[in-house]
Amino acid sequence: MMRPDHEALIVIDVQNDFCPGGALAVEDGDAIIPRINALMADFATVVLTQDFHPAHHASFAAMHDAAPFSMIYMPYGPQVLWPTHCVQGTTGVAFHAALLTDRAQMIIRKGFRAQIDSYSAFFENDRTTPTGLEGYLKTRGVTQITLVGLATDYCVAYSAMDAARLGFGATVLEGACRAIDLNGSLADAREKMRAAGVRLED
Ligand code: VGL
Ligand code: ZN
């Protein structure tokens, strides 16, 4: 059923590298796509986000001779070092072929600055550099957002918490998300989202 115009759907990072076979594959990451495709038809405003890194991005373990999934401290705070993923110009950065991307009006790319990672659709990991999505949504009269996609405990959670902080009503449909779950990161993210006023639904 069609949602009212003040509601938007934000589809986070449904890209090949986060799906089975990808460089940072999330278990069953592609299983959520049919539901997301159906949801997109119900919202007048649909935004896709795309993790979009240069080849030598500072969040890549290979740049630090470190093991993937270890931690370092960047000038802006702690940072997980990831396997090289979502590099511009590769197949891994592309949206999964089953995602009906034509149902979106806007694609926000993030993580394109070599020295700073960006989990959230709203702010980079320094928590202050904006992506512009806040202005896009607010100027279109959006007050409520629904978030789906990959990964629940990183980009979805950061985006949802920022949305709540910016004054949007924020709901995460967990059944249309999948998690990386690194050292309890899913339980941690769920607790932080709840504390931030994010609604968690199935
Ligand atoms: C993501 C880790 C690194 C995500 C992106 O989409 O959740 N996670 N880059
Ligand atoms: Zn990334």
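The values are calculated or read from the model by the stated rules, or taken from the named source; none is laboratory data. Predicted model, so just to flag it, every value in this text is computed and none were measured. Cβ placement follows ideal geometry from the backbone for every residue including glycine, while neighbour counts extend to all protein chains displayed.
What tally of residues in segment 190-202 results from selecting those that are outside any loop (DSSP other than H, G, I, E, B), exposed (fewer than 13 other Cβ atoms within 10 Å of the Cβ) and touching a residue at least 24 places away in the same chain (Cβ under 8 Å)?
1
Within segment 131-143, count every residue that is closer than 20 Å to Phe18 by Cβ and assigned to a loop (DSSP other than H, G, I, E, B).
1
For segment 64-75, the condition holds for at least one residue, the condition being that it is over 17 Å from the mean Cα position of the chain (by Cα), among the polar types (S, T, N, Q) and either within 16 Å of ligand 1 (Cβ to nearest atom) or closer than 21 Å to Val198 by Cα (or both). Considering only segment 3-20, state which residues are assigned to a loop (DSSP other than H, G, I, E, B) and more than 14 Å from the chain's Cα centre (by Cα). Residues satisfying the conditions are Arg3, Pro4, Asp5, His6, Pro20.
Per-residue answers, yes or no, for (1) within 14 Å of ligand 1 (Cβ to nearest atom); (2) of a type in the set (A, V, I, L, M); (3) within 24 Å of His57 (Cα to Cα):
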residue	(1), (2), (3)
Val93	yes, yes, yes
Thr131	yes, no, yes
Asp153	yes, no, yes
Val172	yes, yes, no
Gly175	no, no, no
Lys192	no, no, no
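Residue-level check: of (1) within 14 Å of ligand 2 (Cβ to nearest atom); (2) surrounded by fewer than 19 Cβ atoms within 10 Å (Cβ to Cβ); (3) in a loop (DSSP other than H, G, I, E, B), Thr128 misses just (1). Would you confirm, using the coordinates I've provided, whether Asp153 is at pLDDT 95 or above, surrounded by 24 or more Cβ atoms within 10 Å (Cβ to Cβ), acidic (Asp, Glu) and in a helix (DSSP H, G or I)? The answer is yes for Asp153.
For segment 158-189, taking the residues that are touching a strand residue (DSSP E or B) at 6+ places or on another chain (Cβ under 8 Å) and either part of a loop (DSSP other than H, G, I, E, B) or among the β-branched types (Val, Ile, Thr) (or both), the one that is surrounded by the fewest Cβ atoms within 10 Å (Cβ to Cβ) is identified as Leu182. Contact map, segment 83-104: first residue closer than 30 Å to Ala67 by Cβ, second residue more than 16 Å from ligand 1 (Cβ to nearest atom), Cβ cut-off under 8 Å, separation 6 or more or different chains; pairs are Phe95/Thr101. Note on segment 21-50: residues that are of a type outside the set (A, V, I, L, M, F, W, C) and within 15 Å of ligand 1 (Cβ to nearest atom) total 7. Segment 66-110 holds strands (runs of 3 or more DSSP E) entirely within its bounds, and those carrying 2 or more residues that are of a type in the set (A, V, I, L, M) and either in contact with a Cys (Cβ under 7 Å, 6 or more places away or on another chain) or more than 16 Å from Asp51 (Cβ to Cβ) (or both) map to 71-74.
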